[in-house]
Amino acid sequence: MASRRGALIVLEGVDRAGKSTQGRKLVSALCAAGHRAELLRFPERSTEIGKLLSSYLEKKNELEDHSVHLLFSANRWEQVPLMKEKLSQGVTLVVDRYAFSGVAFTSAKELQLVDAAARGEFGQERYENGASQERALQCFHQLMRDTTLNWKVVDASKSIEDIHQEIRALSEDVILSAMQRPLGELWK
Ligand code: Z5A
Ligand code: MG
């Protein structure tokens, strides 16, 4: 019998919303509960394209805006064969940022997050300022109008543990419902 497919769980949000913290905790909890789960992140800075993006984000190089957008996209495409293979083998993927960040942060270039800012200064990387984050947040809200995607909004101002319990419960539901549905095309 073919193994049941895994779920694709994407964590999106502004800088310092807690995505990486929650991604790590979620994968640990899912594995401890007997699921096969792995963590991915975008940008994936270890590849050649990822290295280029990383130095762009660190403001060590300049790239033309359209080219940067396509490099972020290519950085996802290069992981797609692996992602499809894992999902079809029944591995649930928890993804720290995905294509929605690609749309939101590129849009933010063309167009006061109090809780996030209170966690310390925004970082030194490109886009890590209130105005960029605010515009990106507006774009995330627009993307969430697409009801074909199963969006869940989590209040990132709660405690790490409370958020974890909420995301974990939502993820268990998603893993069960993903098993009933064939693997479609990935949103890239
Ligand atoms: N980008 C793009 O332009 N196009 C694309 O296609 C993609 C991305 C994929 C780098 O992303 C930039 O790339 C990003 C978008 C752009 N620019 N911005 N912004 P990244 O994911 O590598 O880096 P990041 O967004 O800067 O993420 P981050 O700083 O790593 O934030 P986070 O993962 O959401 O937060 P965290 O590391 O889990 O937590 C931050 C701190 O807050 C840490 O000290 C935690 O202990 C603390 N924390 C976490 N949760 C809580 C709660 N609940 N309470 C209190 N404190 C907390
Ligand atoms: Mg992070």
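Numerical summary
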{"quantity": "Restricting segment 55-97 to GluC sites (Glu not before Pro) in coil, as DSSP defines it, with at most 10 other Cβ within 10 Å", "calculated": "Glu62, Glu64"}
{"quantity": "Nitroxide proxy distance, nm - points 7 Å out along Cα→Cβ at Thr148 and Gln124", "calculated": "4.3"}
{"quantity": "Structure-based [θ]222 nm, the chain - -39500 (n - 2.57) summed over DSSP H runs of at least 4, per residue, nearest 500", "calculated": "-16000 deg cm²/dmol"}
{"quantity": "Length added when fully stretched, Arg24-Arg36, from 0.36 nm per residue minus Cα-Cα", "calculated": "2.9 nm"}
{"quantity": "Set of lysines near Lys109 by C-alpha distance (under 16 Å), chain-local residues within fewer than 8 positions excluded", "calculated": "Lys59"}
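Values quoted throughout were computed directly from the atomic coordinates according to the rules given, and no laboratory measurement underlies them. Quick caveat, the model's predicted, so the values are computed rather than measured. Virtual Cβ from ideal backbone geometry, glycine too; neighbours counted across all protein chains shown.
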